Amino acid sequence: MKLYYAPAACSQAPHIVAREARLPIDVAKVEFPSKRTTDGEDLYAVNPKGAVPALRLDDGSVLTENAVILQYLADQAPGSELALPAGGIARYRLLEWLNFIATELHKGFGPLWSPETPDAFKEATREALGKKFDYLQERIGEGPYILGERFSILDAYAFAVLGWTRIHAIDIARWPGLAAYLERVAARPAVQETLRAEGLI
């Protein structure tokens with residue numbers, strides 16, 4: 001398998017999961033805005049959406065969309081317990097959380113990335129995200145992770161997305177529970193490996 005990623009992008013989540021699961025995987029760093037890998041491969045030839053992450057499977061086909069790739073990687077290493085088995089309500093609770101992170105947190109940052117977004121709207125976006133952070137902090141509680149004692153694909157995804165608070169002038173110290181949560185996730189060896197591999201530490 002080959003994972004196409006960009007440093008500190010949402011693709012950091014499957015990058016972490018692959019390392020947590022100890023899956024044999026190649027990685028290809030994509031440069032933006034050129035959307036080419038460091039060895040010159042065109043991202044659009046891999047993923048016509050022009051986005052990361054993209055995961056080339058061993059048969060040559062490509063999976064896209066973070067929530068799907070995360071589940072696929074976890075299912076390749078069931079012993080890692082990074083996801084939950086299908087068929088029970090616990091799996092649907094995991095999917096419920098995965099969709100919350102994807103649609104409420106990840107996409108919630110959208111307006112902050114555009115230089116065209118008016119400052120007033122950016123401030124309203126930060127306030128809206130703050131309410132999502134309130135909910136997440138309350139639900140995690142002492143954790144230590146979103147599912148309690150079990151580290152999962154949810155934590156990898158939340159960690160990647162919440163890291164954007166540093167870029168967009170959101171002081172995570174307003175949510176001490178989330179700040180502590182991020183420190184716990186960051187301390188995991190696989191997360192440290194990922195951050196080093198992406199050139200972030």
Count of residues meeting criterion [more than 16 Å from VAL27 (Cβ to Cβ) and of a type in the set (A, V, I, L, M, F, W, C)] in the stretch 52-96 | 12
Does GLU96 fit the bill of being surrounded by fewer than 18 Cβ atoms within 10 Å (Cβ to Cβ), at pLDDT below 95 and among the acidic types (Asp, Glu)?
-> no
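Residues checked against (1) under 19 Å from the mean Cα position of the chain (by Cα); (2) over 25 Å from THR103 (Cα atoms); (3) among the polar types (S, T, N, Q):
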{"site": "SER11", "(1), (2), (3)": "yes, no, yes"}
{"site": "VAL17", "(1), (2), (3)": "yes, no, no"}
{"site": "ILE25", "(1), (2), (3)": "yes, yes, no"}
{"site": "ALA28", "(1), (2), (3)": "yes, yes, no"}
{"site": "GLY40", "(1), (2), (3)": "no, yes, no"}
{"site": "VAL52", "(1), (2), (3)": "yes, no, no"}
{"site": "ILE69", "(1), (2), (3)": "yes, no, no"}
Got at least one residue in the stretch 139-151 being touching a residue at least 60 places away in the same chain (Cβ under 8 Å), within 16 Å of LEU182 (Cβ to Cβ), within 14 Å of the chain's Cα centre (by Cα) and buried (at least 19 other Cβ atoms within 10 Å of the Cβ)?
-> yes
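Name the helices (runs of 4 or more DSSP H) wholly within the stretch 108-201 that hold at least 1 residues that are touching a Pro at 6+ places or on another chain (Cβ under 7 Å) and over 18 Å from LEU98 (Cα atoms)?
Numbers: elements: 110-113, 119-140, 153-162, 176-186, 189-197.
Qualifying helices (runs of 4 or more DSSP H): 119-140, 176-186.
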Expected output for the stretch 29-47 (first residue assigned by TED's automatic domain parsing to the domain that holds GLU65 and over 20 Å from PRO14 (Cβ atoms), partner hydroxyl-bearing (Ser, Thr, Tyr) and modelled with pLDDT under 95, Cβ below 6 Å, 6+ apart or cross-chain) is none
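The values are calculated or read from the model by the stated rules, or taken from the named source; none is laboratory data. Since the structure is predicted, the reported quantities are computational estimates derived from the model, not experimental observations. With ideal geometry, Cβ positions are generated from the backbone for all residues, glycine too; neighbour counts draw on all protein chains shown.
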